[in-house]
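Report on one structure; see the data block that follows.
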Amino acid sequence: MKRANRPWWQTTTIYQIYPRSFQDSNGDGVGDLRGIVTRIPYLKEMGIGTVWISPFFPSPMKDFGYDISDYCEVDPLFGSMADFDALLSALHENGMRLILDLVPNHTSDQHPWFGESRSSRSSRRRDWYIWRDPAADRGPPNNWLSEFGGSAWTFDSETGQYYYHAFLAEQPDLNWRNPDVRAAMHDVMRFWLRKGVDGFRIDVMWHLMKDAQFRDNPPNPAYDDSRAPHESLLTRYSADVDEVHDVVRGMREVVDAFDDRLLIGEIYLPLERLVAYYGADLDGAHLPFNFSLLSTPWTAAEIEALVKRYESLLPAGAWPNWVLGNHDRRRLASRIGREQLRNAAMLLLTLRGTPTLYYGDELGLMHADIPADRIRDPYEINVPGKGVGRDGARTPMQWSSRINAGFSSAEPWLPLGEDWRTENVEAWAGDTTSLLAFYRRLIAFRKESPALQIGDYEGIGCVDGALWFVRRHGAERLLIALNLTGKTVTLDTAPQRGEVVISTLAERGNDIIRKPIELRPHEGLIIRDGAA
C-alpha cells in the first residue's frame, strides 16, 4: 500500500534503553555501549525503528548520569567515543535511528563551568548559573523546593550567595537567560548532530526558564501528606514560565539546520499546558512527550476521555505521541496487572501518533522491590516512602536464565527482578504465544498498516468497560476493541463482517466475525473491516 510521505518520526516506534541496565560487555556489573551493540539483533527482530538512550556522558553519577560533567564525551563506565561511534554506525546500518538524552537544565557541580562560576562573584561564568543573595533573614532567596527534597537553594559560603537547583544540590541549574549559556548548549547539540545522531530527548524541558523576579511559589491547595514534600507548592514561578518557549524555539532552530532530525521534550504538565510546547507555529518540540497514560486510571471511560481531550487540544498539524513506561515511573505490569499487558501493548501501538516503549516492558517486567541496603535512587533516599522508588524500574534486562540473567558476568549494579529465571528473552524466544512475540507481531503489523501509522480516528467510545476506536486511511479500516475488565463484554460497534487480524487470545486469530461480538475477559482485538 502506498502512503503519504511523512517524516520518519511520525511512523517510527521508539524504544528507550537505560544503558546501565541493558547489557554489560566488560563484566563490571554495569551496562555499557558495547553491550547495546551486541543486542542490536534483538532490537531489529522486535521491529524497533528508533533507539533512545539515557545519558552516558561523564558524570559523578549522583543522579546516575543526569548530572553531567562533560557534554561532549563518553563516561569510561559506558565505554569510549569509539564505542559510541560503533553503536551509531551499527544502528544506522541496521535501519534504526538514535536519539540522545540531553540534560540542558542543569549540570553536575563537578562540571568546569560550575567550578568557574562558583570561584568568585566576578567570574566570567558567574551568570551561567542562578545565584541570589540571601533573604533578609539570611535564609534562601525564596520558597522554591527541590524535587529531591528540601530547599532548592544551597548556600555557598565562599561567595556568600545561594545557587538554585531544581533537583540535587549537586545539580546546579544553568541560567538560560544568559545568551552565552544558550550558545554553549547549542554547540553541544551541534557536536552530536554532526556525528549523525538523529535527535534529542530534552530532559525536564519545562524547567529551563524561571521567573525573572524569583517570586515565591503559591501553596498547592490539593496537597496532602501522602504526596512528596515539593508538591506542597505549585511551580508557578520555578517552571513552565512563558519565556521557556523562546528557549525551545532556539533548540528547534539548531535541530532544523540538520536534515531529518527530531526534538522531543520531557514535560510533566497538564495537557492544556503540554501542547504549548509544540510552539505557536509548530516551531517548538516535534514531540512534547505525552505521559498521560502513566497516571490515568486503567479504565475504558478514563482512557476514552483522555484520547478525546488530547486530540482536541493538539494544535492544527501537530503530531501526537504516547508513552506507557519510562525510567522514572513504576513498571507498567505493576500498575495495571499482568492480565492487561497485551491490551496495553495493543493500545500503545494502535493509538494515533508515535509510540515509545520502555525496555523490558515487552517481557512484562514487574516493578522490583529493592532491599533497603541496595537502594541507589537519590530521590528515594532523600524522600523515603514519598518517592516513586525509581530503582525498581531500572533493574537489569532479563535475557536468560543463566547467571545474572545474561546481563553480566558480575553482580549487577541493581538486583534482578524476582522472576528473572522464567521471565526472560531466551525463555520466550521460541514461544509464539508469549508477550514478547505479541509485541513483535503488533509492531510488524503497524509497519505495514497505513491506517495505524498515519490514519485518522473514525469514532471512539467505551461500552461496559471496553474501549473501542476505529483507525482509517484510504480503503483500510480497522476496529480496535479492548476489554479492560475481567468480565465478558458485548460490543455492537463491530463491522457487519470483519476479520480478526490480531487478538490477545491466540486461538482467535483470523476469525471472521459479525456484530455484535463478545469480548472475553481482558481480550483485545484488531479487526479489519471486510466491507471497506
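The values are calculated or read from the model by the stated rules, or taken from the named source; none is laboratory data. Note that the coordinates shown come from a computational prediction; the quantities given were computed from them, not determined experimentally. Cβ coordinates were reconstructed from backbone atoms using ideal geometry, including for glycine residues, and neighbour counts include every protein chain displayed.
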Seminar exercise, completed: Scanning region 161-189 residue by residue, the ones that are among the β-branched types (Val, Ile, Thr) and either part of a loop (DSSP other than H, G, I, E, B) or more than 21 Å from Glu73 (Cα to Cα) (or both) total 0
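To keep it simple, each residue is scored yes or no on (1) in contact with a helix residue (DSSP H, G or I) (Cβ under 8 Å, 6 or more places away or on another chain); (2) in a loop (DSSP other than H, G, I, E, B); (3) assigned by TED's automatic domain parsing to the domain that holds Met205; (4) of a type outside the set (Asp, Glu).
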residue	(1), (2), (3), (4)
Ala82	no, no, yes, yes
Leu91	yes, no, yes, yes
Gly95	yes, yes, yes, yes
Arg121	no, yes, no, yes
Arg124	yes, yes, no, yes
Problem set entry | Residue match in region 447-467 (condition: closer than 28 Å to Leu43 by Cα, of a type in the set (Ser, Thr, Tyr), at pLDDT 95 or above and not assigned by TED's automatic domain parsing to the domain that holds Thr13) | yes
Exercise. Taking Leu88 and the conditions (1) of a type in the set (A, V, I, L, M); (2) within 30 Å of Trp428 (Cα to Cα); (3) free of Cβ contacts under 8 Å to residues at least 60 places away in the same chain, which numbered condition does it fall short on, given that it satisfies the others?
Worked result: (3)
For this session: Looking only at region 29-41, decide whether some residue is part of a loop (DSSP other than H, G, I, E, B), within 22 Å of Leu351 (Cα to Cα) and over 16 Å from the mean Cα position of the chain (by Cα).
Result: no
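If a residue must be exposed (fewer than 15 other Cβ atoms within 10 Å of the Cβ) and either at pLDDT 95 or above or not in a loop (DSSP other than H, G, I, E, B) (or both), how many such residues does region 225-245 contain? It would help to see each step written out before you state the result.
Of all residues in region 225-245, those exposed (fewer than 15 other Cβ atoms within 10 Å of the Cβ) come to 225-227, 236, 242-243.
Filter once more, keeping what is either at pLDDT 95 or above or not in a loop (DSSP other than H, G, I, E, B) (or both): 236, 242-243.
So the count comes out to 3.
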Seminar exercise, completed: Taking region 410-449 and the residues there that are basic (Lys, Arg) and part of a helix (DSSP H, G or I), the one that is surrounded by the fewest Cβ atoms within 10 Å (Cβ to Cβ) would be Lys447
Exercise. Which of the residues belonging to region 332-381 are closer than 27 Å to Leu98 by Cβ and touching a Pro at 6+ places or on another chain (Cβ under 6 Å)?
Worked result: Leu348, Leu349, Arg352, Gly353
For this session: State all residues of region 190-224 that are among the basic types (Lys, Arg) and part of a loop (DSSP other than H, G, I, E, B); if no residue qualifies, say none.
Result: Lys210, Arg215
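What's the total number of residues in region 135-149 that are under 37 Å from the mean Cα position of the chain (by Cα) and either of a type in the set (Asp, Glu) or exposed (fewer than 15 other Cβ atoms within 10 Å of the Cβ) (or both)?
Step one: list which residues in region 135-149 are under 37 Å from the mean Cα position of the chain (by Cα), which gives 139-149.
From what's left, either of a type in the set (Asp, Glu) or exposed (fewer than 15 other Cβ atoms within 10 Å of the Cβ) (or both): 139, 147.
Within region 135-149, residues that are under 37 Å from the mean Cα position of the chain (by Cα) and either of a type in the set (Asp, Glu) or exposed (fewer than 15 other Cβ atoms within 10 Å of the Cβ) (or both) number 2.
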Seminar exercise, completed: Filtering region 475-493 for residues that are of a type in the set (A, V, I, L, M), surrounded by 13 or more Cβ atoms within 10 Å (Cβ to Cβ) and in contact (Cβ under 8 Å) with a residue 40 or more places away in the chain leaves a count of 6
For this session: Only residues that are crowded, with 16+ Cβ neighbours inside 10 Å and over 16 Å from the mean Cα position of the chain (by Cα): list them for region 278-296, please.
Result: Tyr278, Gly279, Gly284
